[in-house]
Ligand SMILES: [Zn+2]
């Protein structure tokens, strides 16, 4: 099956779902972790909205993601396909405050961890 080219501007959950080896992940700047997203969960509600226009928030620390990476799972390493800079159409109410508070919490947690391991 020929698929239309995947671009950061147009890629949707519906495009990705047929490919079981393709993964979506966000790099959380709050907890410095890479989190894999469940494309089926996104597709259930927002299958045809470009991923670029959606909001992704880290479930662990509450920081909003600013980039989404599309990878293909090959062997052990995985192949980078596309990086999508996120430009949400809407923000949650109080997004700026929430985001800033989440970043502060993440920073405080990191400092506490570093202090402990010293
Ligand atoms: Zn996080």
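For this structure, a couple of remarks:
- Contact order for the chain, expressed relative to its length and based on alpha carbon pairs under 8 Å spaced 6+ residues apart, stands at 26 percent.
- Residues 93, 15 arranged by fewest to most Cβ contacts within 10 Å: 93, 15
- For 19, 64, order by how many other beta-carbon atoms lie within 10 Å, fewest first: 19, 64
- Interatomic Cα distance distribution for region 13-117, bins of 5 angstrom, percent: 2, 12, 19, 22, 18, 12, 9, 4, 1, 0
- Put simply, when 68-79, 52-63 are sorted by average Cβ atoms within 10 angstrom per residue, most first, you get 52-63, 68-79.
- Fewest-first sequence of 17, 39 by Cβ atoms within 10 Å of each Cβ: 17, 39
Each value in this text was obtained by applying a stated rule to the coordinates, not by laboratory testing. All values reported here derive from a predicted model rather than from experimental measurement. So basically every Cβ, Gly included, is an ideal-geometry build from the backbone, and we count neighbours across all protein chains shown.
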